[in-house]
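The values are calculated or read from the model by the stated rules, or taken from the named source; none is laboratory data. None of the values given here were measured: they were computed from a predicted structure. Cβ placement follows ideal geometry from the backbone for every residue including glycine, while neighbour counts extend to all protein chains displayed.
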Amino acid sequence: MASFRKVGQYWQYRVRYRTDVGEWKEISKCGFKTKKAAQEHARQREMLDTTEIDGSRMNLGTYLMQWLEIYVVDKRKLNTVKTYRHVLEKHIIPELGMMQLGEIKPMRYQNFLDSVIERGFSPETARRVHTPFRMAMEQAVVNGYISKNPASHAKITKKTVKKLKFLQPELIPEVLEFLYERSYGLGIYFEALFESGMRKGECSGIELDDINWNDNTIRIDDSYNYNATKAEKKMDGVKTSASERTIVMREDYMKKLKTYVKYRMEKRTLIGALYNTDNNFVFGRDDGTPFPKSTLYNAYKAAMEHISHELLPIHSTRHTHAVMFLEAGVTMKEVQERLGHGSIQITSDIYSHVTRKMENKSIEKFDEYMQKKSAK
């Protein structure tokens, strides 16, 4: 007897059968684009003399979706669950889902991973595809379905890094002057981005308890999720464990921020019951809620137009901060920790051209020095 259900965008069937010793077993298979295709395959399966199969013959698509539900859902952050589900349904199952677990060999998987890059996706996307698959295959080893993880030694091919979009540091004062004139709250918000390298969601999610006025530090342990639906939590943690960090800020900025916080507290008293008390957000509108995504976008867009500059994403403030730090002589490791990157490799890949520029300047200075020595 077969049953059918939809798992994500794909159909799955389950066939129950009795073994030679009289025990009831079940076979399931996922990855069918239509219910009709699942029904046809189930009928073929029911016609076979079904005997008990080992784990290596389990359908990969079925296993991956079961792994997601058992080992990821309710055990990891909501955004992580959504990312893994998207990767499985959009990348892995359409390409490999109809294969059996035991058929996935290292070379086959490496070819698949290479194809992700060849289709125009970035190495970072390839890493997002690779991570859940590697974890799922490791669990399959633990469960005894396969003997070795086919993804354990896979390599992600590097791709030429796109031109980094950041604002030349000398343009920042003019941008901030425009934003402060537009709104003091927007001005100090964007100045925080330039001063810290925080992500937009991290900055919007800062609460009063995250600030240490004595040490001039801001703790990042949560993030405001602008993409959350009404049913999802707006505050759902930072991107990765490495993103949890404490950022030391310049004293001049912290003095300015303290004045702004006092203003916010006065507004809270005046607004009274209409003030949003769910969170003590440092930045945002006068009613205590964060700036809307559209407000931030329009403000930054207007600032770029004001200085006759190409339109840059708000994320460019993060790159701008990193570039300033590197040009100031700060090590790549320190930049990695300040930005909250999971590894120094990510930081190096993104800002490699900046370090090359600095190396060129260094060798020019060295060459100038050596020529002066030779002239004596």
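If only residues of region 6-32 that are modelled with pLDDT of 75 or more, under 21 Å from L101 (Cβ atoms) and of a type in the set (K, R) are counted, the one that is surrounded by the most Cβ atoms within 10 Å (Cβ to Cβ) is K29. Mind listing whichever residues of region 312-339 are loosely packed, with under 15 Cβ neighbours inside 10 Å and within 23 Å of the chain's Cα centre (by Cα)? Those that are loosely packed, with under 15 Cβ neighbours inside 10 Å and within 23 Å of the chain's Cα centre (by Cα): P313, H315, K333, E334.
When residues in region 162-211 are screened for being assigned to a helix (DSSP H, G or I) and either closer than 13 Å to L296 by Cα or more than 20 Å from the chain's Cα centre (by Cα) (or both), 33 of them pass. Looking at G187, G237, G205, just one residue is assigned by TED's automatic domain parsing to the domain that holds Y263 and without any contact (Cβ under 8 Å) to a residue 12 or more places away in the chain, and that residue is G187. Applying the criterion of at least 3 residues that are in the same structural domain as E26 (by TED's automatic domain parsing) and among the β-branched types (V, I, T) to the helices (runs of 4 or more DSSP H) found wholly in region 57-130 leaves 78-87.
Could you say which residue among L171, L176 is farther than 30 Å from Q100 by Cβ and either at pLDDT below 90 or in contact with a Gly (Cβ under 7 Å, 6 or more places away or on another chain) (or both)?
L176
Before we move on, is M265 within 20 Å of E202 (Cβ to Cβ) and not acidic (D, E)? Spell out how you get there, then give the answer.
Numbers: within 20 Å of E202 (Cβ to Cβ): no; not acidic (D, E): yes.
No: the conditions fail for M265.
Do we find that D222 is free of Cβ contacts under 8 Å to residues at least 24 places away in the same chain and surrounded by 15 or more Cβ atoms within 10 Å (Cβ to Cβ) in this structure? So D222 passes the test. Looking at this structure, is K230 part of a loop (DSSP other than H, G, I, E, B) and closer than 14 Å to G340 by Cβ? No; evaluated as a whole, the condition is false for this residue. Within the set E124, E95, E191, the sole residue that is among the charged types (D, E, K, R) and more than 22 Å from H315 (Cα to Cα) turns out to be E95. Considering the conditions (1) closer than 26 Å to D349 by Cα; (2) not assigned by TED's automatic domain parsing to the domain that holds Y84; (3) not in a helix (DSSP H, G or I), N149 is excluded by exactly one of them, (1). For region 278-303, which positions are among the polar types (S, T, N, Q) and under 20 Å from K258 (Cα atoms)? N279, N280, T289 - these are the residues of region 278-303 that are among the polar types (S, T, N, Q) and under 20 Å from K258 (Cα atoms).
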